[in-house]
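Working notes for the structure below.
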Amino acid sequence: MENVLFSPIKIGNLELKNRIVFPPLTTGYEEDYRPSKRSIHFYERVAKGGVGLIIIGDLSASKNYSMNPHFYDDSFIVSNRELVRAVHHAGAKIGAQVYHGEYNPDQLDAIFADKGIDAVKQKMHEDLNDYCNKITKEEIKTIQQRIVDAAIRADKCGFDMIQIHGDRIVGMFASPILNKRTDEYGGSLENRARFALELVQMIRKELPNKALEYKMVMIRTNPPLGKGGPTIEEGKIMAAWLEQAGINSFHVSLANHGFIGDTIPAMGTVPHGCFLDLAKEISTVTDLPVTAVGRIVSSKMAQETLLNGTADLVALGRQLIADPNWTMKVEKGLEETIRPCIMCNRGCTDNIMHRKYIECTVNPTSGIKEDYIPSQAESDKPVLIVGGGVAGMQAAIELATAGCPVTLMEESTQLGGQLILAATPPGKEEVKPLLDHLIRRVESLPVTLKLGTRFSKEVLEDYKDNKIIVATGASPIMIPIPGVDSPKVHTAWSILAGKASVAKNAVVIGAGSVGIETALYMADKGAKVTVVEIANKLLPTEVITLKPKIIRELEAYQIDVLLEHAVTSFEESTVTVKDIKNKKEFTLKTDQLVLAVGARPNKSVQSILDDQNIDYTAIGDCSGDRVGLIGDAIRAGYYIL
């Protein structure tokens, strides 16, 4: 039976070859606010992967100080025209999402000239939830005309579709929460929808035959989520008005102007398909095409979304960043080869929040400017890779794919290394598909596996003619305190690996990600846990969109976290803790002490090779002076050639 995902569909006069959409999102790839070589390459790759439609996100109709691409005058046409041509040549249609920010661009320019960028950021923050209430009717018309002009420019560039961003300034006007106006643009839904309806009519007048989509964002009321848009019931009414005004389709999501993690939810925070119910609500009141979005990663969920009438198209953002070939692989029945998005939000959302461009954790080619062409491998020379963690597996995949005879040696009896531990704590189960994917890839290739084999000088004798790659990862740090050699003292790694049982009452040293995840794992198994951290910050490197959920879980499990405290000794059933601020010591009763104080590169294999004067290449955590993240290990293995 034909997969409905690959049936064509029309949006107005625009025909799409399939129903898979890359949604509008911020990439950070632009240079001077224009499409760059990096951004063109990125969208071109997604198009080559088979999607029907790509929507370029956040084309700003005004000058701004965010990372979004600008589109406020005709100087931006040439570079965007180049982007459109590249996407078309790669086989996809392309849309432009146009918007205006919640601020006065001329005012921001004046503030920047007088007080600098920090003052600009402060003003933007102040206006974020109130700007629609400050502007005059004349300013409303100016803003609407700027958006119309941006839509006209998009048409001149050759964009196939225009999407009106229903959040930002448009969503502010539609919102019963943010809109406090008392004139004809505030109060009733009819008045709050006026800005959007007038805008649609103005664009339709200038572009009568253009495919025109509205990004319909809606507020949840129970629990309250989002601010910048109508409620769900209001959205259903507003959809009918928008259709009458000239809209051809709807792209449905949750309203923003709140916590970014609500609209771009991270692993373990909400179920997959978290916004499908919103799309379903709009589908019940219109016959126009509706696009659904929200943590959709599997082809099964995508197809069911269309078959059950929830929506007519599906949009996959982060999953298509993780594997731009998702569409092609699904069409060919190669789902098992899809590189899964683990929804970590570290290389995408977190990077953007820190004004960096997207570098996906699981996709080592994201963010590069052109296709990576590996060096020619010595296909007749055998390769020994010592270490079956992420870096070692990825290196084995690349070398075996290039035709090299590869042996992958791992001391334990299973592949995965630290990735096994990363997938163990509550809420981190979405890491496991990546582990399974890497193992499947290794096992599908002609790689000789030597599991349960410890590298030694004697073992080396059989591999002296091999090119040797060391990927032995890292080892947990043990801190030198009295009592640390007790059998009741364990590392977080031992606890997560199941090598040590969980006691009823435990103290964990370290409030970084590993320490807190271990504490939650132990609490989930019934332990009463106290976390002791010498620094003054909890989860200092955790991603922005995941941290609030973890803090809520700490509270739910009643895990005490003592910041600026240090464990100074451990006895049979007692730890001594020092308050760093007041320099006082006290004791805590405990059955177990767990160390989560970091890790250091494991260089034991390198020492053996150095003693034998054997050349080798070290990759991943063992290669430097500090340990990295999952994405660092994947990139180290991928770029081995």
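Relative contact order for the stretch 360-473 using alpha-carbon pairs under 8 Å, separation at least 6, rounded to a whole percent? Walk me through the intermediate numbers first.
Details: 176 pairs, mean separation 40.3, N = 114.
This gives 35 percent for the stretch 360-473.
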- [ ] For Asp485 and Met301, calculate 0.36 nm times their separation in residues minus their Cα-Cα distance, and state this gained length in nm to one decimal.
- [x] 61.2 nm
Open item on the list: Under the 0.36 nm per residue contour assumption, what length would be gained going from the current alpha-carbon distance of Ile373 and Thr541 to full extension?
Closed with: 57.2 nm
TODO: List, in the order given, every pair from Lys17/Lys332; Lys37/Lys210; Lys17/Lys205 whose Cα-Cα distance in the structure shown is over 25 Å.
DONE: Lys37/Lys210; Lys17/Lys205
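Assuming a ≥ b ≥ c are the square roots of the Cα gyration tensor eigenvalues, decide whether the stretch 173-257 counts as rounded (a/c under 1.5), prolate (otherwise, with a/b larger than b/c) or oblate. Kindly include the intermediate steps, with their values, before the conclusion.
Numbers: a/c = 2.37, a/b = 1.44, b/c = 1.64.
Oblate, because a/c is 1.5 or more while a/b does not exceed b/c.
For the chain, state the average projected area of the convex hull of the C-alpha atoms over all orientations, rounded to one decimal in nm². Each step should come with its number before you reach the end.
Numbers: hull surface 128.0 nm².
With the hull built on Cα positions only, its mean projection is 32.0 nm².
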Task: Dimensions (Å) - the stretch 569-641, Cα atoms, principal axes, largest first - done: 54, 30, 24
TODO: For the stretch 131-190 and the stretch 267-316, compute the distance between their C-alpha centroids and round to whole Å.
DONE: 26
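Put His490, His70 in order of accessible area, largest first, 1.4 Å probe: what do you get?
Largest accessible area first, the residues go His490, His70.
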TODO: Using a 10 Å cut-off on Cβ atoms, rank the peptides 272-279, 328-335 from the highest mean neighbour count down.
DONE: 272-279, 328-335
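Suppose we keep just the DSSP beta bridges with both residues in the chain; what percent of those would be antiparallel, to 5?
25
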Open item on the list: Sequence gap of 8 or more, or different chains, plus Cα separation below 16 Å: how many lysine pairs satisfy both in the stretch 352-506?
Closed with: 6
- [ ] Return the aspartates and glutamates within reach of Lys584: Cα separation strictly under 14 angstrom, same-chain partners fewer than 8 residues apart disregarded; answer none if there are no such residues.
- [x] Glu564
Open item on the list: On a 1.4 Å probe surface of the protein chains, which of Leu595, Leu451 comes out largest in accessible area, and what is the full order?
Closed with: Leu451, Leu595
Task: Positive-end extreme of charge dipole, the chain - chosen from Ala636, Ile619, Gly166 (charges on Cβ) - done: Gly166
Open item on the list: Once you keep just the Cα pairs under 8 angstrom separated by 6 or more residues, what percentage relative contact order results for the chain?
Closed with: 11
Task: Proximal lysines relative to Lys581, as straight alpha-carbon distance under 19 Å, when same-chain residues fewer than 8 apart are discounted - done: Lys537
- [ ] Run the dipole for the stretch 386-446 about the Cα centre, Lys and Arg Cβ at +1, Asp and Glu Cβ at -1, nothing else charged, and hand back the magnitude in debye, nearest 20.
- [x] 80
Task: Kyte-Doolittle mean at least 0.5, axial Cα span of 27 Å or more - DSSP H helices of the chain - done: none
Task: Rounded Å value of the spacing that divides the Cα centres of the stretch 575-641 and the stretch 421-485 - done: 14
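Distance cut-off 30 Å, Cα to Cα: go down the list Lys121/Lys583; Lys121/Lys280; Lys63/Lys93; Lys63/Lys227 and report the pairs above it. Could you put the intermediate results ahead of the total?
Working: Lys121/Lys583 40 Å; Lys121/Lys280 37 Å; Lys63/Lys93 27 Å; Lys63/Lys227 24 Å.
Flagged as over cut-off: Lys121/Lys583; Lys121/Lys280.
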TODO: Determine, for each peptide in 370-376, 418-424, 239-245, the mean count of other beta carbons within 10 angstrom over its residues, then list the peptides with the highest first.
DONE: 418-424, 239-245, 370-376
Task: Å² of accessible area per residue within the chain, as computed with a 1.4 Å probe and no ligands counted - done: 42
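Could you work out the helix-only [θ] at 222 nm for the chain, with each DSSP H run of four or more residues adding -39,500 (n - 2.57) and the total divided by the number of residues, to the nearest 500 deg cm²/dmol? The partial results should precede the final answer.
Values: 23 runs with 216 residues, N = 641.
Value at 222 nm, helices only: -9500 deg cm²/dmol.
Using Cα pairs closer than 8 Å and at least 6 residues apart in sequence, work out the relative contact order for the stretch 26-128, in percent.
Values: 133 pairs, mean separation 29.3, N = 103.
This gives 28 percent for the stretch 26-128.
With +1 on the Cβ of every Lys and Arg and -1 on the Cβ of every Asp and Glu, and nothing else charged, how large is the dipole of the chain about its Cα centre, in debye rounded to the nearest 20? It would help to have the intermediate numbers written out before the result.
Details: 72 positive and 80 negative charges, 85 e Å.
Around 400 debye, computed over the chain.
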TODO: Summarise the accessible area of the stretch 1-116 (1.4 Å probe, protein heavy atoms) by the percent that is carbon and sulfur.
DONE: 49
Open item on the list: Charges on Cβ only, +1 for Lys and Arg, -1 for Asp and Glu, centred on the Cα centroid of the stretch 206-322; of His272, Gly235, Val314, which one is farthest towards the dipole's positive end?
Closed with: His272
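Using the Kirkwood formula on the Cα atoms of the stretch 15-149, what hydrodynamic radius do you get, in angstrom to one decimal? Before the final figure, lay out each step's value.
Working: mean 1/r = 0.0618 Å⁻¹.
About 16.2 Å, per the Kirkwood formula over Cα pairs.
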Open item on the list: Just to verify a number: what accessible area does Cys132 come out at with the full protein assembly present, 1.4 Å probe, Å² rounded to tens?
Closed with: 0
Open item on the list: Could you work out how much longer the chain between His354 and Asn613 gets when fully extended? Use 0.36 nm per residue separation minus the Cα distance between them, nm to one decimal.
Closed with: 88.8 nm
Task: Point-charge dipole on Cβ atoms (K/R +1, D/E -1) for the stretch 113-234, about Cα centre, debye to 20 - done: 100
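The values are calculated or read from the model by the stated rules, or taken from the named source; none is laboratory data. Treat the numbers as computed from the prediction; the structure is a model and nothing was measured. Glycine gets a Cβ as well: all are built from the backbone with ideal geometry, and neighbour counts include every protein chain shown. Surface accessibility is based on the protein's heavy atoms, side chains included, excluding ligands, DNA and RNA. Shrake-Rupley method; radii C 1.70, N 1.55, O 1.52, S 1.80 Å.
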